[in-house]
Amino acid sequence: MIKFLEGKLIYLRAIEREDANENYLKWLNEPQITAGLASGTFPSTLTALKSYVEQKSTDKNTVMLAICDQKTNKHIGNIKLDNFDWVSSTCELGVLIGDTSFWGKGIGYEVCKLTIDYAFSQLNIRKILLAVYANNMAAIKVYQKLGFNNEGTLKDQIWQNGAYIDKHFMGLFNPLKGK
Ligand SMILES: CC(C)(COP(=O)(O)OP(=O)(O)OC[C@H]1O[C@@H](n2cnc3c(N)ncnc32)[C@H](O)[C@@H]1OP(=O)(O)O)[C@@H](O)C(=O)NCCC(=O)NCCS
């Protein structure tokens, strides 16, 4: 196993076929975890997960990394950069910490910071975009702390638990490239 990016609490490594297992599947069927994600509305299966990981790990337009605990090497979540536009020099960020016992310890911030620094310095990305549901306060807090600004809101875009909620688009410019 090769550590691709390394932080204090976690490290990131390439996602592998073997990571599409029951541990990962559990995250996708857990309402507390999927509340902020497009997944969860329909049941996730191991077969679909295996083909998703296979596709993402070989797709040249995606960088998908497994988040692993430094102390135990446990696979606790994933982070990905995808939808690269190499002309406009942009991409999108998505993060999921599936093991809730690792929430609220600063890992969300650390993992996004490592990935953003990699995108800006190594991939020469000019701007990173992400989408977040307006009720996902932990995620919004992390993104704001990283410097993301709200660039637009789709009103009542998402149906969740009996109500429509807004969806924000947030952007972060590469300070090395100016705006
Ligand atoms: C969103 C997510 C990545 C955050 O990870 P995390 O490791 O818990 O985040 P951190 O510990 O770095 O920071 C969370 C911050 O939100 C705050 N927070 C947590 N829950 C909150 C709530 N309900 N309301 C307000 N703030 C909250 C914490 O206090 C912390 O702020 P602080 O650094 O000022 O103390 C994680 O919860 C997750 O993976 N959730 C499921 C998938 C998901 O929603 N992904 C994002 C899709 S856009």
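The values are calculated or read from the model by the stated rules, or taken from the named source; none is laboratory data. All of these numbers come straight from a predicted model, not from anything done at the bench. Neighbour counts are summed over all protein chains in view; Cβ atoms, including those assigned to glycine, are modelled from backbone coordinates with ideal geometry.
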Against the definition (without any contact (Cβ under 8 Å) to a residue 60 or more places away in the chain, part of a loop (DSSP other than H, G, I, E, B) and not hydroxyl-bearing (Ser, Thr, Tyr)), how does residue 37 come out, yes or no? yes
Does residue 40 satisfy being under 13 Å from the mean Cα position of the chain (by Cα) and either among the β-branched types (Val, Ile, Thr) or within 24 Å of residue 169 (Cα to Cα) (or both)? no
Given the conditions (1) among the small types (Gly, Ala, Ser); (2) part of a loop (DSSP other than H, G, I, E, B); (3) closer than 30 Å to residue 173 by Cβ, and given that residue 77 satisfies all but one, which numbered condition is not satisfied? (2)
Considering the stretch 84-106, residues that are in contact (Cβ under 8 Å) with a residue 24 or more places away in the chain, part of a loop (DSSP other than H, G, I, E, B) and more than 6 Å from the ligand (Cβ to nearest atom), and then whichever is surrounded by the fewest Cβ atoms within 10 Å (Cβ to Cβ), we arrive at 88
Answer yes or no as to whether residue 165 is more than 24 Å from residue 115 (Cβ to Cβ), outside any loop (DSSP other than H, G, I, E, B) and free of Cβ contacts under 8 Å to residues at least 40 places away in the same chain. yes
Across the stretch 1-33, what is the number of residues that are part of a loop (DSSP other than H, G, I, E, B) and touching a strand residue (DSSP E or B) at 6+ places or on another chain (Cβ under 8 Å)? 7
Do we have any residue at all in the stretch 45-60 that's within 15 Å of the ligand (Cβ to nearest atom) and either in contact with a His (Cβ under 9 Å, 6 or more places away or on another chain) or at negative phi (or both)? no
Count of the stretch 63-73 residues which are touching a residue at least 12 places away in the same chain (Cβ under 8 Å) and either β-branched (Val, Ile, Thr) or surrounded by 14 or more Cβ atoms within 10 Å (Cβ to Cβ) (or both): 7
Could you tell me which numbered condition residue 60 fails, if it satisfies all but one of (1) modelled with pLDDT of 95 or more; (2) loosely packed, with under 14 Cβ neighbours inside 10 Å? (1)
Restricting attention to the stretch 3-44, the residues that are of a type in the set (A, V, I, L, M, F, W, C), away from the ligand (no atom under 16 Å from the Cβ) and surrounded by fewer than 16 Cβ atoms within 10 Å (Cβ to Cβ) number exactly 3
Being of a type in the set (A, V, I, L, M, F, W, C) and part of a loop (DSSP other than H, G, I, E, B) is the requirement here; does residue 42 meet it? yes
I'd like the full set of residues that are away from the ligand (no atom under 13 Å from the Cβ) and in a strand (DSSP E or B), limited to the stretch 114-149. 127, 149
